[in-house]
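Just so you know, all these numbers are worked out from the coordinates, no wet-lab data involved. Fair warning: this is a prediction, and the values are worked out from it, not measured in the lab. Cβ placement follows ideal geometry from the backbone for every residue including glycine, while neighbour counts extend to all protein chains displayed.
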Amino acid sequence: MASQDWFEKDFYAILGVPSDADDAAIKKAYRKLARQHHPDKNAGDPAAEQKFKDITEAHSVLSDKKQRQEYDAVRQMARGGARFTAGGPGGGAGAEGFEDIFSSMFGGQGGNVRFSTRGGGGQPDLNDILGGLFGQQGGFGQGSPYGDRGGFGAPRGPQRGPDIQAKTTLSFRDAVEGSTVTLSGLDGQRITTRIPAGVKDGQKIKLRGKGGDGDPGAAKGDLILTVSVEKHPVFGRDGDNLTIDLPVTFAEAALGATVAVPTLDGHAVKVKIAPGTPSGRVLRVKGRGVKTKSHTGDLLAKVAILVPQRLSDEARAAIETLRAQEEGADPRADLFREAAKD
């Protein structure tokens, strides 16, 4: 929201970008400066800490389309790029009126905005300007940056601190079972938080009150934590179900068998392979998936039939006997029949 101290701050200069920089350039500059001045790298350096806060504030405003529009309007006034008169016959020749200024800023809509002056000198009051520009006409209504107390020029209330973005990476097991992580806050203090069981890759977790400082008396912003989850060499995930490829021999699949399947907790469970089980069939083990507060998933074991790489003479003879018995049967007949359909 618009703030009177924006007159004194050049957020573009703080980030080292031109005033017409696009979102990508602003983000790139912020990340570079944030790494350079982060409290973790400059412990005990008040200047670096203040610089980091300034960088964060600048990025918070310029990365928000609405706030950036407000800020640019305020800065235009601060640079003296417009001349103001109180309007009316005594305004003076050649001076630009309020309606002309805001009409040029906002596509011809400024003519509908009216301002009052204070102090008798014909100079506009900043609260009146910002209230008319960003709030309700004729006063500050609900949604105005100056509160909902009403009254033209009513001062804004204390502003909540900005939200801060952060990232953390968890192992697959920690994401499934839950974990405790420690992060660094803006003030350099350590923040310890519990990541709930079942968190997904890319999921965002909001830590209330762990973001940037607000105005005196106002609440701090939030820390928005994005979680990345590493891959596991054996297990995968499908929602709250865990998945695993289960190798079985041709004999086990053809004749049937009971085999052991590993679980994420380090134990093993037994599953029954029915005679004639094809490759790709999924066997479900109840309650061995991801456990959350409201639900526990299953373990899905997908059968993968192994083809032996080396055969003994006896094994080769047995397979050749099997092939002879199946002679004349075409396992791809249904495939070709379905492929020929319109």
Name every residue in region 2-33 that is within 21 Å of residue 221 (Cβ to Cβ) and either touching a Ser or Thr at 6+ places or on another chain (Cβ under 7 Å) or not hydrophobic (A, V, I, L, M, F, W, C) (or both), in order of residue number. 3, 4, 5, 9, 23, 26, 27, 30, 31
Could you list, in sequence order, all residues of region 268-288 that are in a loop (DSSP other than H, G, I, E, B) and farther than 14 Å from residue 234 by Cβ? 274, 275, 276, 277, 278, 279, 280, 281, 286, 287
